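Written below as C-alpha cells is the structure these notes are about.
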Amino acid sequence: MLVNGKKVSHISVEDRGLLYGDGLFETILCQRGRPVLFDEHMRRLQMGCKKLDICMLEKDLVLAELSECAQQSDCIIKIIITRGVRARGYQYDPNDQTSTRVVYRNELTDIPLHNYTSGIRLQLCRHRLPSNSALAGLKHLNRLDQVIARSEWTQGFAEGITLDQEGHVIEGTMSNVFFEAEGKWITPQLDRAGVEGVMRNFILQNADKFSMQCEQSAVTLQQLLAADAIFVCNSVIGVWPVIEFQSSKFSVSESTRRLMQYLHANVSSLYTSV
C-alpha cells in the first residue's frame, strides 16, 4: 500500500476519510498492469475533488503509483483521496490543501462465468437511498447505504436494485442499470442519488459503436419490470445480463450481446464475451 507515495501499512486515525468519510475513491481493473478506462476514472475522481474542494490529483503521479502497485498483473487497484489530517471537527480550512492519497492492490476474485453467459437474478432492496443533489453522482467514501442494501441477501442473487425515497429506480448496490424498451436503452437519471459509474458513462458516450440508442430518464419500478431486456454494469465486472427480477423473466438481447462482445474485444479481455 502506498500512502502519499510511501510504502506503509497504515493511515492516521485522525484522517478525515476515516473520521467522517470525507473523501472519494476509485476501484480500477488492471490487465497485465495496465488500468482499464483509466482516463474515465481520473475524470470522475478529479470532478469529485473539485466538487468537494479537495486538493486535485496529478494524473501522472497517480498512474505511476498505480503501476507500482499493479506490478504488470491482472488485479484491482483502489485509489482513495481524503481531505487528510486536519483540526478536529466538521469545519475545514478551505485554504489548507492537505490531502491523503492511498493506492493499494487487491487480487482479482473469480466471477462466475454463467453471470455472463446465462445472466443473473436481481434482488429488490428494501433499503432506499437518500436524495441529495450535492453528492449525487460522486463516488464518495460514505457507502453505508450500499452496505445496508447488500446485507439483505446472502445467496441466490448476484446484485440488488435500489430505489430512492420517492420509489424511483436508481442503481444496483455495486453497479448501474440499463433496460431496453421500444428499441431504446434507458438508464436512470442520477441527479439526486446514485453514482455515475465509469462503465455507465462509457456506454452512454460510445453507444453508437455498438448500435444502441441510449438516454437518461427518471425510471419507475414498473418500467423496469416491463422492460424487454436488462443489464447491470460496472468497470470491474463489465456487463451482466439480467434474466430474472421480481419473478419477471428476461432474455439476453442481441443488443446486450453486441455490447459485451465490443467490451471484450476493445476495452478488456477480462470482460467475458458471450
(request) List every residue whose amide H lies under 5 Å from the amide H of Trp185, counting only residues 5 or more places away in sequence or on a different chain, with H placed 1.01 Å from N in the peptide plane. (result) Gln213, Cys214, Glu215
(request) Kindly rank 38-46, 147-155 from highest to lowest mean number of other beta carbons found within 10 Å of each residue. (result) 38-46, 147-155
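For the range 78-190, what number results from the quotient of the Cα radius of gyration and 2.2 N^0.38 Å? Write out the running numbers ahead of the final one.
On the way: Rg = 18.0 Å, N = 113, 2.2 N^0.38 = 13.3 Å.
In units of the 2.2 N^0.38 Å rule of thumb, it is 1.36.
Take every DSSP beta bridge with both residues inside the range 114-266 and express the antiparallel ones as a percent of the total, to the nearest 5. Intermediate values should be presented prior to the final figure.
Details: 18 of 30 bridges.
Percent antiparallel among DSSP bridges in the range 114-266 is about 60.
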(request) Specify whether the C-alpha gyration tensor of the range 2-107 places it in the rounded, prolate or oblate class, a ≥ b ≥ c being the square roots of the eigenvalues: rounded for a/c under 1.5, otherwise prolate if a/b is larger than b/c and oblate if not. (result) prolate
(message) As a test of the formula, what do you get for the chain when each DSSP H run with n ≥ 4 contributes -39,500 (n - 2.57) and the sum is divided by the residue count, at 222 nm and rounded to the nearest 500 deg cm²/dmol?
(response) -7000 deg cm²/dmol
(request) Pull up the cross-link candidates among the lysines for Lys6, meaning alpha carbon to alpha carbon under 22 Å and not fewer than 8 places away within one chain. (result) Lys59, Lys78
(request) Give the distance, in whole Å, between the Cα centre of the range 187-209 and the Cα centre of the range 41-119. (result) 19
(request) Report the label-to-label distance for Gln71 and Lys6 in nanometres (one decimal), using points 7 Å from each Cα along the Cα→Cβ vector. (result) 2.2
(message) Could you work out the relative contact order of the chain? I mean the mean sequence separation of Cα pairs under 8 Å and 6+ apart, divided by the number of residues, in percent.
(response) 18
(request) Step through the residues of the range 95-109 one at a time and calculate ³J(HN,Hα) from phi using the Karplus curve (6.51 cos²θ - 1.76 cosθ + 1.60, θ = phi - 60°), rounding each to whole Hz and writing x for Gly and Pro. (result) 7, 8, 9, 5, 8, 10, 10, 10, 10, 8, 10, 10, 6, 5, 8
(message) Test of understanding: in a Gaussian network model of the chain with alpha carbons linked when under 10 Å, which of Glu68, Glu58, Glu159 would top the mean-square fluctuation ranking?
(response) Glu58
(request) Note the listed values [x] 60, 52, 39; [y] 46, 45, 37; [z] 53, 42, 35, then indicate which one is Cα extents along the principal axes in Å calculated from this particular structure. (result) [z]
(message) Sort 73-84, 263-274 by the packing proxy (mean of other Cβ within 10 Å over each peptide's residues), most packed first.
(response) 73-84, 263-274
(request) Show which lysines lie in cross-link reach of Lys249 when reach means a straight Cα distance below 29 angstrom and same-chain residues fewer than eight apart are skipped. (result) Lys184, Lys209
(request) Compute the label zone of Gln261 within the range 196-228: residues whose backbone N is under 17 Å from the point 7 Å along Cα-to-Cβ. (result) 207-213
(message) Would the range 188-274 count as rounded, prolate or oblate if I go by the C-alpha gyration tensor, calling it rounded below 1.5 in a/c and otherwise prolate when a/b exceeds b/c, oblate otherwise?
(response) oblate
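Readers should treat all values here as calculations from the given coordinates under stated rules, not as data from a laboratory. Quick caveat, the model's predicted, so the values are computed rather than measured. Glycine also receives a Cβ, built like all others from the backbone with ideal geometry; neighbour counts cover every protein chain displayed.
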